[in-house]
Every structure is written in C-alpha cells, then in structure tokens.
1. Can you list residue pairs whose Cβ atoms sit under 7 Å apart, with the first residue in region 58-74 being farther than 20 Å from Pro47 by Cβ and the second being outside any helix (DSSP H, G or I) and open to solvent by less than 50 Å² (accessible area, probe 1.4 Å)? Count only pairs 6 or more apart in sequence or on different chains.
2. Does Ile87 meet the test of being over 23 Å from the mean Cα position of the chain (by Cα) and within 21 Å of Thr280 (Cβ to Cβ)?
3. In the set Pro187, Pro194, Pro183, which member is in contact (Cβ under 8 Å) with a residue 24 or more places away in the chain and in contact with a Ser or Thr (Cβ under 6 Å, 6 or more places away or on another chain)?
4. Residues in region 196-213 that are more than 26 Å from Phe372 (Cα to Cα) and either open to solvent by 50 Å² or more (accessible area, probe 1.4 Å) or among the polar types (S, T, N, Q) (or both): how many?
5. Scan region 16-47 for residues that are closer than 22 Å to Ile163 by Cβ, without any contact (Cβ under 8 Å) to a residue 60 or more places away in the chain and not in a loop (DSSP other than H, G, I, E, B) and report the count.
6. From the list Ala399, Ala381, Ala371, pick out the single residue that is under 30 Å from Lys19 (Cα atoms), surrounded by 21 or more Cβ atoms within 10 Å (Cβ to Cβ), touching a residue at least 24 places away in the same chain (Cβ under 8 Å) and among the small types (Gly, Ala, Ser).
7. Filter region 240-257 down to residues that are of a type in the set (Gly, Ala, Ser) and assigned to a helix (DSSP H, G or I) and give me whichever is surrounded by the most Cβ atoms within 10 Å (Cβ to Cβ).
Amino acid sequence: MVDADQTFVIVGGGLAGAKAAETLRAEGFTGRVILICDERDHPYERPPLSKGFLLGKESRESVFVHEPAWYAQNDIELHLGQTVDAIDRTAKTVRFGDDGTLVHYDKLLLATGAEPRRLDIPGTDLAGVHHLRRLAHAERLKGVLTALGRDNGHLVIAGAGWIGLEVAAAAREYGAEVTVIEPSATPLHNVLGPELGTVFAELHREHGVRFRFGVRLTEIVGQDGMVLAVRTDDGEEHPAHDVLAAIGAAPRTALAEAAGLTLADRAHGGGVAVDARLRTSDPDVYAAGDVASFPHGLFDTRLRVEHWANALNGGPAVARAMLGKEITYDRVPYFFTDQYDLGMEYSGWAPPGSYDQVVIRGDAGKREFIAFWVKEGRVLAGMNVNVWDVTETVQKLIASGTPVNTEALGDPHLPLDGLLP
C-alpha cells in the first residue's frame, strides 16, 4: 500500500520526469517525491529549442514545465545540477555523484533521456562545432545564428533529420547561408522514406538551403581554433563558419546498465527495456521518456520514441504504474514540426520497408495534404501537412488496425472519419 512513509525517486528532470512528479501528487501520493535533474535549469520542454525559442519568438520562461515555485508548493524535493552515478538495487538507494550522498527509494523512475550523437571526425574540438539538446545549447545557437545572419556567415549542418531541418529553417530566417550534409538520398529517410522526404527537400531548396545527399563529413577544417570549412567523403570542401552536428541522439543508459537492468537491443533503438507498464527488469524500477524501450502491441515490436508527446504522456502513465494502478502504455506515437510556412503532424510508426504503399489525400505539390503509410490496407502512419484538426481521426484509423479502402483514403472529397470502423 502506497503511503506517506514511502519515497519515490525520479532521476531525470525533463518533461517525462516533471510530468511524473506532477501526476504522483495529482493522484494523491503523500510520500516523498525526489526529482533529480543534472541541469541547473528547472525542467523544461525541448520542442521550442529548435523552433520558437531558437527563432526568438518564445521567451525563455515559456519553455519551463512548471513555474519554479510549483515544486515547493507541491512538496517536490527538486535537486538541480545534481547527478546520480550509481544505483544499488539490493539496498534500494541511489548515490549522488558530487558528494556520494545515498538516498533510499521505494520506487525509482529513470527518465534520463538521450544525448546528442557526436561526430567521430577530426575537428570536432573547434569552437564553432555545436549540438542542440539542452536549453544552454539553444541559447548559444541563437547567438550564433544571429551573428551568421548579420555577417552573411555559413552554417553547415550534419544530418537532415528533424533537428537539422528545423535549425536550417531558423538559420535561413536569420539570414545565414546553410548547407546540409546527409548520407541518405533524401531528408528524413528513416522516418518518412523516399516518397515524402522530397517534399522537405524542395521546401528547403525554395528557401535557399543547399543539400549534399549521399555523402558524409570526414573532417572539419579550422584555423586558430575556429571553423573554416568542412570536407566530405567525395573529396569536396564546403565553406563553413559554424557546424551543427544533428546526427541523432543516443539513450542515456549508462546508469541502468551499471545497475544490471536489461537493455533493449540496437535493432529496436536501444534504451532501457520495460514492459507495457513501463517496469524494467527490476519491478521497483521504472523507465519512461526517451530512454525507455516499450513493447507496442499495435506495431508488434519494441519502440523507443524520442518525441515530445512520448514524454508528455509517458510521465503520467509511469507515475500511475508506480502507484500500483493497472496501465498499458500503448499510445500511438506523435510528433510535429514547423518549418517556414509548413506545419506538420505525424502519427504512427512506418519505417522504410514496413509498408507497401503511400496514399496521398490532397495536393502534395502545394504542400496541403495528408499522407498515409499503408500495409495490406491497414494504416500504419499518417502525416498531415498544412491540414488541421485531423490528428484524432488519423490516430483512430491507425489504432483500429482495420483495413480501409485505399481509393477512399486518398479521396479528399470523402470525409476521413467516414472510413473509421
């Protein structure tokens, strides 16, 4: 029975951890809630870091999950700028990395998130090489983009994923020159496949972004500690004043691995393996957010989802599981992006090779359409581009698992919700 004598410890002060703490109190838990964050900033949301905040359209204060006073008001013991370097599952303690303090837990949540993957090439120690994951990164990058725009400087971005493209859009709005280096044949290849990646390539080309597809960075060239250019494996050299490494993120599993918890394999994105209740291989230790790999019955595989909605929904779900409530975490993955005048929402999961056709409803050329990834008539994923108020219906189509008439699916004159079973 959960009561006031129990202590729940949350390691990781991102959105998942903050929402878990909030939900514990909302569900009536009266014990200790300890939230440990290795950043000195209060828990914040990450989407603005490559969107509104980076563009200067959203204030620094707007990114925080709660007002700073909220934690004390709700009796959340918040430790900022603190790390945990060890878990003793037998003694049920976590150890602070700075002074070795041991804290007992009855239930432990790992919400340690992910970290940017690093370029393994010469020149990454130069001052003009950047990553974007934390608020401090975004603040620094905002200053960089401002200076590049003012001085007609050149930004090279390694990677044409969501972060790379969103920063490219921001950089162009500041007036910087932008070149994107991507080993795949199209942007977002592993998410959208070749059919829809071209939509984003054309969007960025229209705004002056240069792409180099099918090549990799081999060296960042500098002088006096500053970036001068980059070289690619086709022998070309490209001018650069700054470089952004946007080649993906890796789950922060070192703490879980050292504690002997089961990890998911790389084929499923790595991360800490959890069950449908977000429990790890230790029944008193849970994981949620970017670091968790959970079984998804709808897609019959393990998923590790790095997007905002997974943290937003996973935090409350894992809190209820820690309180002993019966939950099954099976939310349809969702994410969104804003680039120039394009707004997009994506629901589902359909990596290349998992579908047999892409059905377009609307006009892809005008960038006003919905795309559906379909296998044997079943909708695996849907992406609405500059078409709004359809996400709920798209998610219902995916969650139903029922085959639909693909001709009707692609007909914009037929109501989409009429295809629901």
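1. These pairs meet every condition: Pro68/His42; Tyr71/Leu78.
2. On the way: over 23 Å from the mean Cα position of the chain (by Cα): yes; within 21 Å of Thr280 (Cβ to Cβ): yes.
Taking the combined requirement at face value, the residue satisfies it.
3. Numbers: Pro187 fails: in contact with a Ser or Thr (Cβ under 6 Å, 6 or more places away or on another chain); Pro183 fails: in contact with a Ser or Thr (Cβ under 6 Å, 6 or more places away or on another chain).
Within the list Pro187, Pro194, Pro183, the selection yields Pro194.
4. Qualifying residue count, region 196-213: 3.
5. Result for region 16-47: 1.
6. Values: Ala399 fails: surrounded by 21 or more Cβ atoms within 10 Å (Cβ to Cβ); Ala371 fails: under 30 Å from Lys19 (Cα atoms).
The match here is Ala381.
7. From region 240-257, those of a type in the set (Gly, Ala, Ser) are 240, 245-246, 248-250, 254, 256; that's our starting set.
From what is left, the residues that are assigned to a helix (DSSP H, G or I) are 254, 256.
Numbers: Ala254: 11, Ala256: 26.
So, considering only residues that are of a type in the set (Gly, Ala, Ser) and assigned to a helix (DSSP H, G or I), the one surrounded by the most Cβ atoms within 10 Å (Cβ to Cβ) is Ala256.
So that you can scan it fast, the table gives a plain yes or no per residue for (1) more than 26 Å from Arg216 (Cβ to Cβ); (2) in contact (Cβ under 8 Å) with a residue 60 or more places away in the chain; (3) open to solvent by 20 Å² or more (accessible area, probe 1.4 Å):
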residue: Arg266; (1), (2), (3): no, no, yes
residue: Gly270; (1), (2), (3): no, no, no
residue: Leu278; (1), (2), (3): yes, no, no
residue: Ser293; (1), (2), (3): yes, no, no
residue: Gly314; (1), (2), (3): yes, yes, no
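The values are calculated or read from the model by the stated rules, or taken from the named source; none is laboratory data. Please read these numbers as outputs of a predicted model, since none were measured by experiment. Note that each Cβ is placed from the backbone with ideal geometry, even for glycine, and that neighbours are counted across all protein chains shown. Heads up: the accessible areas ignore ligands, DNA and RNA and are worked out on the full protein's heavy atoms, side chains in. Shrake-Rupley method; radii C 1.70, N 1.55, O 1.52, S 1.80 Å.
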